[in-house]
1. Just wondering, is there one or more residues in segment 337-355 that are within 15 Å of the ligand (Cβ to nearest atom), closer than 30 Å to residue 230 by Cα and in a helix (DSSP H, G or I)?
2. If you scan segment 34-54, which residues turn out to be crowded, with 24+ Cβ neighbours inside 10 Å and either over 19 Å from residue 194 (Cβ atoms) or at pLDDT below 95 (or both)?
3. Picking from 211, 292, which residue would you name as being on the phi > 0 side of the Ramachandran plot and of a type in the set (A, V, I, L, M, F, W, C)?
4. Test residue 148 against the stated conditions and say whether it is within 14 Å of the ligand (Cβ to nearest atom), surrounded by fewer than 22 Cβ atoms within 10 Å (Cβ to Cβ) and either within 14 Å of residue 22 (Cα to Cα) or at pLDDT 95 or above (or both).
5. Just name the residue that is nearest to the ligand (Cβ to nearest atom) out of those in segment 20-40 that are over 23 Å from residue 206 (Cα atoms) and assigned to a strand (DSSP E or B).
6. Checking residue 180 against (1) touching a Leu at 6+ places or on another chain (Cβ under 8 Å); (2) outside the structural domain of residue 367 (by TED's automatic domain parsing), which single condition isn't satisfied?
7. From the list 22, 63, 28, which residue is under 29 Å from residue 221 (Cα atoms), of a type outside the set (D, E, K, R) and touching a residue at least 24 places away in the same chain (Cβ under 8 Å)?
8. What are the pairs, 6+ residues apart or on separate chains, where a residue within segment 122-134 that is at positive phi has its Cβ under 8 Å from a residue that is within 12 Å of the ligand (Cβ to nearest atom) and in a helix (DSSP H, G or I)?
Amino acid sequence: MNKAEVSALFAQQFNEAPSFVIASPGRINLIGEHVDYNSGFVLPAAIDKYMYVAVSQRNDSQILLHATDLNQNFQTNLDAALQPSSSGWPNYVLGVIDELRKDGHVVSGFNMLITGNIPIGAGVSSSAALECATVFACKHLFDLDISKQSMVKIAQRAENNFVGVNCGVMDQFASMFGKADHVIKLDCADLSYTYFPFKLEGISIVLFDTFVKHSLASSEYNTRRQECETGLAALRQQFSITSFREATLAMLDTVADSISDKVYNRCKYVIEEIGRMEAACNHLLAGEIGAFGTRMYETHMGLSELYEVSCPELDCIVENCKKENDIVGARMMGGGFGGCVIALVQTANVEAVYNRINTAYQNKFGRNMGKYLMHIGDGTRLLD
Ligand code: GLA
């Protein structure tokens, strides 16, 4: 969508032109899953699918939200402390406002229209995109002196404190800092980052959607975080380390008796994934795409068997990807319990590959899986 189209929707709703229109993308992640909250590196990229928000300032303290695609309105005001809404979606906006105010930024009433084309519940972070769009809109609307890094942290805290998902920083960072045709190697320990060119001749990034909505995801996600914290605490009792980055499998074996099997497996996955991510980046730099794909399959095994965030639908798709010569690598992506598999597929054969895997999927689950071709785009920005 362009600025004129989003502005027209805004005008229909609020009878005026918006002051700003913002586009904020969803994200993919090539490798480095469930390590952003464990001081690891991740390799995400912004996609060319967006949440769009259009905003105008009001003369009162009202916040009026309209979600075009849901055809729902929400209204509240800034006179008292903001409360989470049972409708769900307003919380991504309200959470950001709440965090901005906690940081001492002055926010007054506004109108906001929300629309977009990011598949919801597919694990491509439509929620982070809306949080980033909101903080970016507020920066411009209220002329806030706030850096991109701070906006990322505010967006993440909105999700942690208001939405109640104790997520890491990857999704918000990728949405805000995305760059066309590049993946971001992000050090989640200190938010330093480098852009890697990612344009593979003849290979496309394809998502296969299970259409399983990850309803269990937020509570299980928070549990995984706690399990990692328990494991790290046990390691730190024995070794002078600060994070999983310095931990080894040998260290983990030393403390195995003091933690449950579950916690052991979670830690094993995290330590392996941090190492795997580093190896995968070296493969990319060396142009060894086959080896990169192998690392992706290994990540899936770890997520499925040790971290236990996969589901039968995701496992079925990845198993069938492995049988395809035209697929370089594949794995479940994002938080898990549903959503998408990310696969690197020979561009010429995407359709044929999809049809074969979909037949296997249909036979097992009695319904189709989805398919999206992904292009790496730019991060959150004003449309003009
Ligand atoms: C979700 C979270 C991210 C990250 C991934 C798993 O997308 O929001 O912070 O932890 O899961 O890698």
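1. no
2. Listed by number, the residues that qualify are 34, 38, 47, 50, 51, 52, 53, 54.
3. Matching residue, one of 211, 292: 211.
4. Answer is no for this residue.
5. 22
6. (1)
7. Just one listed residue meets the conditions, 28.
8. Short answer, once both residue conditions are applied: 125/171; 125/174; 125/175.
The values are calculated or read from the model by the stated rules, or taken from the named source; none is laboratory data. All values derive from a computational prediction rather than experimental measurement. Using ideal geometry, Cβ is built from the backbone for each residue, glycine included, and neighbour counts are taken over all protein chains shown.
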